[in-house]
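The values are calculated or read from the model by the stated rules, or taken from the named source; none is laboratory data. The shown structure was predicted, so the numbers you read here are calculated from the model rather than taken from an experiment. A quick note on method: Cβ atoms are made from the backbone with ideal geometry, for glycine too, and the neighbour counts reach across all protein chains shown. Please note that ligands, DNA and RNA were not included when accessible areas were found on the heavy atoms of the full protein model with its side chains. Shrake-Rupley method; radii C 1.70, N 1.55, O 1.52, S 1.80 Å.
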Amino acid sequence: MSLILVVEDEKELNKVLQAYLTRAGYRALSAYSGHEALRVWESEKPDLVILDLNLPGMDGLELAREMRKTRDVPIIMATARVDEVDRLIGLELGADDYVTKPYSPREVVARVKAVLRRGARTQEMPAVLTLGKLSLDTNAHSAKLGGASVELTPTEFGMLQLLVSQPGRVFTRLQLLEAAQGMSYEGYERSVDVHVKNIRRKLKDADPDQQYIETVFGVGYRARKMEL
Ligand code: CA
């Protein structure tokens with residue numbers, strides 16, 4: 001049974017989410033501040049975190065950064081500011097998904113399911129995918145390029161994994177979004193461009209001479225076919 005940590009300082013909202021998550025078959029824990037969340041994070045090792053950005057004391061971003069230092073667990077961020085969403089997904093730490101407040105608890109549970117399903121599905125992939133000098137360990141969720149490790153967020157990894165699983169095949173932005181998030185959000189396809197840009201930059205840092213991902217104008221992206 002997956003363990004979900006709900007970090008939300010509004011007590012009523014936190015309780016409602018707990019109730020919905022429990023009813024959906026998850027174990028749920030609550031934290032009402034960043035410091036409390038870090039304690040639970042370390043002692044209980046949750047499988048997924050729902051994180052309100054606006055917290056007393058330590059803010060949500062700082063907290064996410066702290067948590068990601070020790071383990072790479074999916075984070076769903078909640079924010080009241082729609083204009084922050086693009087910035088959130090573009091951030092280095094990469095929220096795996098986000099919800100904008102006010103949200104319905106049912107919607108949040110659906111996102112939780114989708115993010116966890118994505119994690120389960122990627123386990124059916126071959127253990128190691130390779131493309132040229134690039135290798136992706138799909139169990140460890142780690143990427144290496146010419147022996148050097150490339151730090152990718154879970155979302156970036158999901159997209160790159162889909163691309164590399166079938167070199168030469170074009171995937172639409174919507175498919176990439178689904179692969180990475182387990183569900184699609186129309187209107188947010190351009191967020192894929194932000195993620196792909198981040199992936200490209202990271203691969204380029206490790207291997208400046210090679211292009212791994214090609215843009216197919218008007219359609220989407222594909223991994224370049226290349227010889228070993
Ligand atoms: Ca709050």
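Numerical summary
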| quantity | calculated |
| --- | --- |
| Accessible surface, 1.4 Å probe, highest first, among residues Met67, Met58, Met226 | Met226, Met58, Met67 |
| DSSP H segments from the chain that extend 30 Å or more along their own axis, Cα-based, with Kyte-Doolittle mean of 1.6 or above | none |
| Ranked by how many other beta carbons lie within 10 Å on average, peptides 171-177, 3-9, 21-27 from highest | 3-9, 171-177, 21-27 |
| Amide H contacts of Ser2 (H built 1.01 Å from N, under 5 Å, at least 5 apart or other chain) | Arg27 |
| Residue-averaged 222 nm ellipticity for the chain, from DSSP H runs of 4+ at -39500 (n - 2.57), nearest 500 | -13000 deg cm²/dmol |
| The chain: relative contact order in percent, alpha carbon pairs under 8 Å with at least 6 residues between | 14 percent |
| Residues Asn54 and Thr172, FRET efficiency given R0 of 30 Å [Cβ-Cβ distance, rounded to 0.05] | 0.30 |
| Packing-based ranking, highest mean first, of 68-74, 43-49 given that Cβ atoms within 10 Å are counted | 43-49, 68-74 |
| Whole-number accessible area per residue in Å² for the chain, which is evaluated in the context of all protein chains at 1.4 Å | 48 Å² |
| Cα-based shape type of the stretch 9-65, given that a ≥ b ≥ c are square roots of the gyration tensor eigenvalues and the cut on a/c is 1.5 | oblate |
| Karplus 3J(HN,Hα) series, Hz, for the stretch 48-56 with 6.51 cos²θ - 1.76 cosθ + 1.60 (x for Gly, Pro) | 7, 10, 9, 10, 6, 6, 9, 10, x |
| Residue-wise HN-Hα coupling along the stretch 126-136, computed from phi with Karplus coefficients 6.51, -1.76, 1.60 (Hz; x: Gly, Pro) | x, 4, 10, 9, 10, 8, x, 8, 8, 9, 10 |
| Rounded percent of accessible protein surface that carbon and sulfur make up, the chain, 1.4 Å probe | 50 percent |
| Cross-link reach list, lysines versus Lys133, counting only Cα pairs under 29 Å and skipping chain neighbours closer than eight places | Lys69, Lys144, Lys197, Lys202, Lys204, Lys225 |
| Dimensionless Rg ratio for the chain, taking C-alpha atoms and the 2.2 N^0.38 Å reference | 1.02 |
| For the stretch 208-220, 3J(HN,Hα) per residue [Karplus equation, 6.51 cos²θ - 1.76 cosθ + 1.60, θ = phi - 60°, Hz, x = Gly/Pro] | x, 8, 10, 9, 9, 10, 9, 8, 9, 3, x, 10, x |
| Partner lysines for Lys101 [C-alpha distance under 24 Å; skip if fewer than 8 residues away on the same chain] | Lys11, Lys15, Lys113 |
| Calculated FRET efficiency for the pair Ala140/Ala80, C-beta based, R₀ 41 Å, to 0.05 | 0.70 |
